[in-house]
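S.K.: Can you read through this structure? Questions will come right after.
Derivation of every value follows stated rules applied to the coordinates shown; laboratory data play no part. Since this is a predicted model, take the numbers as computed values, not measurements.
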Amino acid sequence: MKIKNYPQEERPREKAYHYGIESLNNVELLALILRTGSRQESVLELAQRVINEVGGLNYLKDITYHQLVLINGIKKAKAIEILAVIELTKRLKNTQMTMPVIK
């Protein structure tokens, strides 16, 4: 089913807009990154299948480009976009905030 056939309150973008990005589950967040599904499945179905095929969200952080493009529905651009978000997340995690020390 196409995303436009989903009720408004179940569409990831609308849900994020109305309730905040933190209200989305993992599948919905990945669906926002993927942006589109295919003729056979919605972006939500594709996102769910990607998470399932990698073994869960925790394993997504270690996936490679070549593993991603082996997943039906993930081509070059989507694989690179997923990897970019993963890399950005890793960099944010490694960034340490420095607080000024008052003596």
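S.K.: At 15 Å minimum axial length over the Cα atoms and a Kyte-Doolittle cut of -0.5, report the qualifying DSSP H helices in the chain, or say none.
M.R.: Going by DSSP H runs, the hits are 43-54, 76-94.
S.K.: State which entries of Lys15/Lys76; Lys4/Lys75; Lys2/Lys78; Lys2/Lys90 exceed 25 angstrom in Cα-Cα distance in the structure shown.
M.R.: Lys15/Lys76; Lys2/Lys90
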